[in-house]
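Colleague: Here it is: the structure, laid out below.
The values are calculated or read from the model by the stated rules, or taken from the named source; none is laboratory data. Bear in mind the structure is a predicted one, so any value in this text is a computation, not a measurement. Cβ: placed from backbone, ideal geometry, glycine included. Neighbour counts: every protein chain shown.
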Ligand code: BJW
C-alpha cells in the first residue's frame, strides 16, 4: 500500500490528513527521537512482550521470567526461554517499519533511535544512532558482573554440556546470562541519561509499537513534552498508555504506516 491510499481495518483507519500532519512535523524537525517497542518487530515475526506465549511456554508469564530472581531460582528455565527467543531473532529480518525509520536519516538532519527491543533489527535495517535501553539478546555476560558491569562473554569461546546449561563465566564460575535488562535492574550506564537529554531537546518524538507501561522508557515522551518542546507522534494498532498525550495518533501496524509517512515526507520535500 502506498501513500495516497488509506490504511483501514475494522474500525481502525488512518487518513491521509493524519499521515500528512505527521510528515509535516517530521519534515520541519531538526532533531527527531524515535522511541520503539516490541510492536515495531511484530511484522518481522518477533512476538511482542505481552503477546500470549505459545507451545512449551504457554503457562509462563514473561514478566515473571524477565527478573534476576527468576534466573536465581531456575537458571535453566530462564536460559532456555532466552535461547528459544534468540534463535527466533537470529532467523528474522527487519520489516518495512524498521527500514522506513532507517531511511528517515537520509531525509532529516538528526535521527536517534531509542529502542526497548533487544533484537538488534534497527541496526540491521541501517539505523546508525541506536540506543538500546534494555540490552541485546545476542550478547551474554557474567551474572555476577565479576569484572564490572557488564562482563561480556563470547559464548562461542565456551564449551559446556547441554545438561549443565547455563554455561559458567570463565573468570569466576558464576552463571552466564543474556545481556538484557530485567525488572528491578538498572539500564546500561549512560543509555537512559543520553536518551532523556535527547528527548528534552527533540523537536519530534516518534513513538512506535510500545505499550508505554515499562519505566523508565515510557517516561521519555513525557520528558519530551513537559520539560522540552517536542511534538509527539504515536504509531500503534491499539491505543497505548502514551496515546493520550500525543499530537498525532496513527492507528495501525508500523510496517504499513511508517512507509506511508516516509513517502509523505518525500512528497513534502519535493513540493
Ligand atoms: C504494534 C504492532 C505493529 C502490536 N506495529 N505496534 C515506576 C512506576 C512503577 C514501576 C516502576 C517505576 N520505575 C521502575 C519501575 C519498575 C519496572 C517497571 O516499569 N515495571 C512496570 C511493569 C510497571 N522497571 C524496571 O524495573 C526497570 N528498571 C529500573 O527502573 O531501574 C531502576 C530500579 C532499580 C531497582 C529497583 C527499582 C527501579 C527495568 C525495566 C526492564 C524491562 N525489561 C524488559 C525485558 C527485556 C529483556 C527481554 O526482552 O526479555 O523489556 S520487560 C519488557 O517490557 C521488555 C520490553 O522492552 C518492555 C516494554 O515492552 P514493549 O516494548 O512496550 O512491548 P509490549 O508487548 O508491552 O507492547 C507492544 C505494543 O506493540 C503494544 O502496544 C501493541 O499494541 C503494539 N503492536 N503489533 C506497531 N504491527
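Colleague: Examine region 237-247 for a residue that is under 18 Å from residue 110 (Cβ atoms), touching a strand residue (DSSP E or B) at 6+ places or on another chain (Cβ under 9 Å), buried (at least 24 other Cβ atoms within 10 Å of the Cβ) and assigned by TED's automatic domain parsing to the domain that holds residue 117, and state whether such a residue exists.
Modeller: Scanning region 237-247 turns up no residue that is under 18 Å from residue 110 (Cβ atoms), touching a strand residue (DSSP E or B) at 6+ places or on another chain (Cβ under 9 Å), buried (at least 24 other Cβ atoms within 10 Å of the Cβ) and assigned by TED's automatic domain parsing to the domain that holds residue 117.
Colleague: Among the residues of region 161-207, count how many are within 16 Å of the ligand (Cβ to nearest atom), free of Cβ contacts under 8 Å to residues at least 60 places away in the same chain, in a loop (DSSP other than H, G, I, E, B) and farther than 15 Å from residue 132 by Cα.
Modeller: 0
Colleague: Would you mind stating whether residue 271 is more than 18 Å from residue 82 (Cβ to Cβ), within 16 Å of the ligand (Cβ to nearest atom), modelled with pLDDT under 95 and surrounded by fewer than 19 Cβ atoms within 10 Å (Cβ to Cβ)?
Modeller: Considered against the rule, which asks whether it is more than 18 Å from residue 82 (Cβ to Cβ), within 16 Å of the ligand (Cβ to nearest atom), modelled with pLDDT under 95 and surrounded by fewer than 19 Cβ atoms within 10 Å (Cβ to Cβ), residue 271 comes out as no.
Colleague: Another one. Where residues in region 33-82 are under 19 Å from residue 100 (Cβ atoms) and away from the ligand (no atom under 12 Å from the Cβ), which of them is nearest to the chain's Cα centre (by Cα)?
Modeller: For region 33-82, the residue satisfying everything is 34.
Colleague: Please go through (1) buried (at least 20 other Cβ atoms within 10 Å of the Cβ); (2) outside any helix (DSSP H, G or I); (3) in contact with a helix residue (DSSP H, G or I) (Cβ under 6 Å, 6 or more places away or on another chain) for residue 29 and return the number of the only condition it doesn't satisfy.
Modeller: With (1) buried (at least 20 other Cβ atoms within 10 Å of the Cβ); (2) outside any helix (DSSP H, G or I); (3) in contact with a helix residue (DSSP H, G or I) (Cβ under 6 Å, 6 or more places away or on another chain) applied to residue 29, the lone miss is (3).
Colleague: Quick one: in region 124-153, of everything that is under 19 Å from the mean Cα position of the chain (by Cα) and either away from the ligand (no atom under 16 Å from the Cβ) or under 16 Å from residue 259 (Cβ atoms) (or both), which residue is surrounded by the fewest Cβ atoms within 10 Å (Cβ to Cβ)?
Modeller: Across region 124-153, the extreme among qualifying residues is 128.
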